[in-house]
Every structure is written in structure tokens, then in C-alpha cells.
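Please read through the structure below; I'll follow up with questions.
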Amino acid sequence: GAVVSQHPSWVICKSGTSVKIECRSLDFQATTMFWYRQFPKQSLMLMATSNEGSKATYEQGVEKDKFLINHASLTLSTLTVTSAHPEDSSFYICSAPRTQTNTGELFFGEGSRLTVL
Amino acid sequence: AQSVTQLDSQVPVFEEAPVELRCNYSSSVSVYLFWYVQYPNQGLQLLLKYLSGSTLVKGINGFEAEFNKSQTSFHLRKPSVHISDTAEYFCAVRAPAGGTSYGKLTFGQGTILTVHP
């Protein structure tokens, strides 16, 4: 079964509103989680690294004030898209390593499709 | 920095035929290599990975891949495909560095495999 879960799977919102997406590790603790964005028919692009107990690390070109990340506990990271606009519509996927080693497999959530009208 | 090139954006094939999905990578350091599968509107599932050792890696669902260091390739193969193999496949690399960079996967553009009856 799934070891990383995202919620919601689908969300439609009006332009200018904020949307929160949750990523949970189900049976393990994850001090680090990763947030990816996938545009239609394109690959996944790493947005940021979510760190429990400290600030997230954003990739170059990702607006930290636009995409707020909070790693509230060892099993939960949230991504909030603030003042969403149609260009923010995308498929957002989180992942977490099950073991804290570089050979640890990354488990991916089911993804959250955001549509901004 | 690493980069990944998947040479075919789409691969159509008939059921029970063999298939090869090509992946080439570029990196100034040794990397770990992965193949993931993504079904529509879902997250990613690990098919197989190469960390070290034998260059021929066997994964789930009958897939295998061969790491070729001299050609910097990691092609995915299956001797006989099924309709259920229809999905998008992503090749990814990760540098075995320490610290927070260990989770940063760099993905290829993806290859859509369509299996026809």
C-alpha cells in the first residue's frame, strides 16, 4: 500500500485564493520531504526541499513567498499556493525517503492536481 | 550538475512485443540511476534502480535495465509487454552526495509507452 499520501487529489479554486496541499508519510518518519511540480506532458521539476524543524530549501526560480512550505511534524509537510493564478495550475507531487541514507528509495505521493480558474 | 535525456517521447508497441526505452545521462560524478512509472493522474512508482554492482538490474513487472558507464546509458527493457504496461516512464539520476542534496532527483522528459492489442 501507499507509504506517502497526499491530500487533496484534486482541487479547483478561484484566482486569488490560497490552496493547501498536505503530504504525509504513513508508517515512517521523514525529516525531509521533497515537492515536485509537473506541467502537462512534461517532466517533474523539483521545487523545494521541506525540512522538519527548519526552513525549506527552494530551488532556483521558485518563489518562496508564493509556495509556502511547512514541515509541521515528522510525518507531515504542507505546500500552500498563495494567491493562486491560472499559471499555477499544475500537478504537484511530494516524495519522502524512507531511510536517511543516499541509497534510500524515494516514495512518491499520489499527486495533487490544482486547477485555478 | 546532472542531466537526463530520454530519447523517445512516445513509443507505441503491440502487445507481447519487446520494448526498449532509452535513457542517457550526463554527470561529472558517479550517479545513482532510477526508472519510475507513472500511471495517469497518479504519483510515481519505482521500477528499478542501479546503485552499484551488477550492471544488469531487474525490477518489478518484468522490467530490467542495463547500466553502461562508457555510453552513459541506462536503457529500460521488457521482453514482452502487456496492455497494462501503458504508462509514462521516467528515467532519473541522483548524485550520491551527502547532506540535503541526496534526495534531489533529476528526471528525464518522460517516455509514453502505449501498448496496442
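For A:THR49, A:THR82, which order do you get if you count the other beta carbons within 10 Å of each Cβ and list the fewest first?
A:THR82, A:THR49
If you average the sequence gap of Cα pairs under 8 Å that are 6 or more apart and divide by the length of region B:1-64, what percent do you get for the contact order? Mind showing how you got there, number by number?
On the way: 71 pairs, mean separation 14.8, N = 64.
For region B:1-64, the relative contact order is 23 percent.
If you don't mind, another one. For B:VAL81, list long-range residues whose amide hydrogen, built 1.01 Å from N in the peptide plane, is under 5 Å from its own amide hydrogen.
B:GLU16, B:ALA17
Average the reciprocal distances over every distinct pair of alpha-carbons in chain A, invert the result, and give the Kirkwood radius in Å.
14.1 Å
With a sphere of radius 10 Å drawn around the Cβ of B:ASP8, what net charge do the other residues whose Cβ falls strictly inside it have (Lys, Arg +1; Asp, Glu -1)?
0
Right, something else. What does the charge count around A:THR57 come to, taking other residues whose C-beta lies under 11 Å from its C-beta (Lys +1, Arg +1, Asp -1, Glu -1)?
Numbers: positive: A:LYS55, A:LYS64, B:LYS104; negative: A:GLU59.
The answer is +2.
When the Cα atoms of chain B are enclosed in a convex hull and the volume is divided per residue, what value in Å³ results? Walk me through the numbers on the way to the answer.
On the way: hull volume 11.6 nm³, N = 117.
Once divided by residue count, the hull of chain B is 99 Å³.
Still on this structure, I have one more. Per the Kirkwood formula on distinct C-alpha pairs, the Rh of region B:22-68 is how many angstrom?
When all Cα pairs of region B:22-68 are included, the Kirkwood radius is 11.9 Å.
Could you state the per residue volume, in Å³, of the convex hull enclosing the Cα atoms of the protein assembly as shown?
123 Å³
In nm, to one decimal, how far is the modelled label at A:LYS55 from the one at A:VAL3, with both set 7 Å along Cα→Cβ?
3.1 nm
Taking only Cα atoms and a 10 Å spring cutoff, compute GNM fluctuations for chain A and point out the largest among A:SER43, A:SER90, A:SER25.
Highest fluctuation of the listed residues: A:SER43.
Once phi is turned into θ = phi - 60°, what whole-Hz ³J(HN,Hα) does the Karplus curve with 6.51, -1.76 and 1.60 give for every residue of region A:83-93, x standing for Gly and Pro?
6, 5, 10, x, 6, 7, 4, 5, 9, 10, 10
If you don't mind, there's one more thing I want to ask. Determine, from the Cβ-Cβ distance of A:SER15 and B:LYS69 and an R0 of 41 Å, the FRET efficiency 1/(1 + (r/R0)^6), rounded to the nearest 0.05.
Working: r = 49 Å, r/R0 = 1.20.
Given R0 = 41 Å and the Cβ-Cβ separation, E is 0.25.
Name every cysteine in chain A that ends up alone, with no second cysteine's Cβ under 4.7 Å, or say none.
Cys with no partner Cβ under 4.7 Å: A:CYS13.
Shifting gears a bit: What number, in percent, do you get for the relative contact order of chain A if the mean sequence gap of Cα pairs under 8 Å and at least 6 apart is divided by its residue count?
Once divided by the residue count of chain A, the mean separation gives 36 percent.
Tally Lys and Arg at +1 and Asp and Glu at -1 over the other residues with C-beta under 9 Å from the C-beta of B:ASN61: what net charge comes out?
Result for the local shell: 0.
Right, something else. What are the extents of the Cα atoms of region A:1-55 along their three principal axes, listed from largest to smallest and rounded to whole Å?
34, 28, 25
All of the numbers you see were taken from the coordinates with simple rules; none came from a lab. No experiment lies behind these values; they were computed from the predicted model shown. Here the Cβ is made from the backbone with ideal geometry for all residues, glycine too, and neighbour counts use every protein chain on show.
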